[in-house]
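The values are calculated or read from the model by the stated rules, or taken from the named source; none is laboratory data. No experiment lies behind these values; they were computed from the predicted model shown. Cβ atoms come from the backbone with ideal geometry, glycine included; neighbour counts cover every protein chain shown.
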């Protein structure tokens with residue numbers, strides 16, 4: 001049996017002439033609600049990054065963004081168990097047994113406080129090892145995972161087996177609502193942390209003190225400015241139209257928007273509000289609320305749209321509202337991409353000061369901010385916009401400027417490629 005050494009590592013370093021080989025580990029690919037990741041991967045390839053995608057689960061949705069369609073050929077999948085999966089276990093067990101056992105032990109250490117997560121990761125451990133074997137054969141220089149969740153744990157397994165560097169990119173999902181000790185251990189296992197807002201950076205720094213401030217970079221998620229264009233002339237809507245986009249989950253605050261619109265209708269305002277919430281979740285409760293308030297002629301719940309469908313709606317509406325809240329479970333949004341998309345289309349937005357949202361929506365400058373769960377304040381803000389076309393135009397124009405300057409995926413991809421190159425020069429033991 002061979003000794004446990006660094007002999008299984010890919011060749012060190014990446015020259016300026018050769019592409020950096022990066023593995024993205026994702027929960028599912030493609031995935032409808034993660035089009036921002038597909039955009040990032042699409043543009044990061046423009047910066048000398050040779051990308052391979054490892055998806056722990058098969059695709060779930062039929063919708064695919066344009067970027068995801070272009071990236072499908074780079075995806076690698078695996079059944080939970082097969083001869084190739086078994087052979088990968090034997091490879092590491094016979095060549096680097098201590099690394100294999102350490103990776104398994106760390107997986108348990110990161111999940112044992114959450115039995116459901118532990119069972120899920122136990123079932124995915126063989127697949128994670130198989131992916132590590134594939135990464136070794138490809139000569140991967142660096143591993144990256146979005147979300148402090150199963151993809152981050154699986155990427156950590158590959159890091160432990162191969163000795164390459166590993167960066168994790170926390171978003172709201174997983175970071176706030178999971179067991180915080182498990183989250184801390186997952187973060188501290190990474191070579192580097194990239195996150196989406198200053199709020200997240202401070203939160204991670206407090207939660208995981210072993211992650212030094214220099215080990216956390218803030219890189220905003222972004223949109224493609226050239227693709228998300230405002231209309232040449234916005235339609236004249238009578239009544240004015242309000243739009244919300246987000247799954248029917250508590251943290252989106254849809255019930256407060258419905259209540260605020262009902263209050264405006266009671267004040268005599270004429271409006272139309274569409275909420276793109278898809279199926280499942282709290283949709284039935286939202287439908288019951290609309291019926292109870294007697295506002296079904298003015299407020300409609302819509303099924304999921306693909307990117308093009310959302311952009312089409314954004315070019316037709318007057319106001320975008322997403323009154324996010326911190327859910328009872330602790331779950332909350334980061335900086336919703338739907339807000340960026342609305343602002344890029346020069347639609348004035350109303351939101352709340354949850355997590356990193358004020359870094360995008362600056363009250364009175366690039367949008368309006370109201371306290372979370374405050375129906376009257378939300379109704380008042382919407383009323384201001386309904387009554388003031390000049391304010392709508394001003395906030396819409398400034399909102400697009402903010403997105404172009406700070407939430408541009410092309411700029412973010414450049415920064416991510418720089419981080420990967422810097423971090424991959426360091427090796428883990």
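Observations on the model:
- Of the numbered criteria (1) more than 19 Å from the chain's Cα centre (by Cα); (2) surrounded by 19 or more Cβ atoms within 10 Å (Cβ to Cβ), the one residue 276 fails is (1).
- Matching option when the condition is free of Cβ contacts under 8 Å to residues at least 60 places away in the same chain and within 20 Å of residue 198 (Cα to Cα), among 339, 302: 339
- Residue match in the range 175-183 (condition: assigned to a strand (DSSP E or B), closer than 29 Å to residue 77 by Cα and either under 20 Å from the mean Cα position of the chain (by Cα) or in the same structural domain as residue 23 (by TED's automatic domain parsing) (or both)): no
- Qualifying residue in the range 243-265 (condition: free of Cβ contacts under 8 Å to residues at least 40 places away in the same chain, surrounded by fewer than 18 Cβ atoms within 10 Å (Cβ to Cβ) and in the same structural domain as residue 384 (by TED's automatic domain parsing)): no
- Taken over the range 394-429, the criterion of being over 18 Å from the mean Cα position of the chain (by Cα) and over 22 Å from residue 21 (Cβ atoms) is satisfied by 394, 395, 396, 397, 398, 399, 400, 401, 402, 404, 405.
- Selected residue [at negative phi, outside any helix (DSSP H, G or I), crowded, with 21+ Cβ neighbours inside 10 Å and in contact (Cβ under 8 Å) with a residue 40 or more places away in the chain] from 81, 54, 92, 131: 54
- Scanning the range 157-167 for residues that are in a helix (DSSP H, G or I) and in contact with a strand residue (DSSP E or B) (Cβ under 6 Å, 6 or more places away or on another chain) yields 158, 159.
Per-residue answers, yes or no, for (1) outside the structural domain of residue 376 (by TED's automatic domain parsing); (2) within 30 Å of residue 183 (Cα to Cα); (3) assigned to a helix (DSSP H, G or I):
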| position | (1), (2), (3) |
| --- | --- |
| 310 | no, no, yes |
| 329 | no, yes, no |
| 338 | no, yes, yes |
| 343 | no, no, yes |
| 353 | no, yes, no |
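- Tallying residues that are crowded, with 21+ Cβ neighbours inside 10 Å and assigned to a loop (DSSP other than H, G, I, E, B) within the range 16-47 yields 2.
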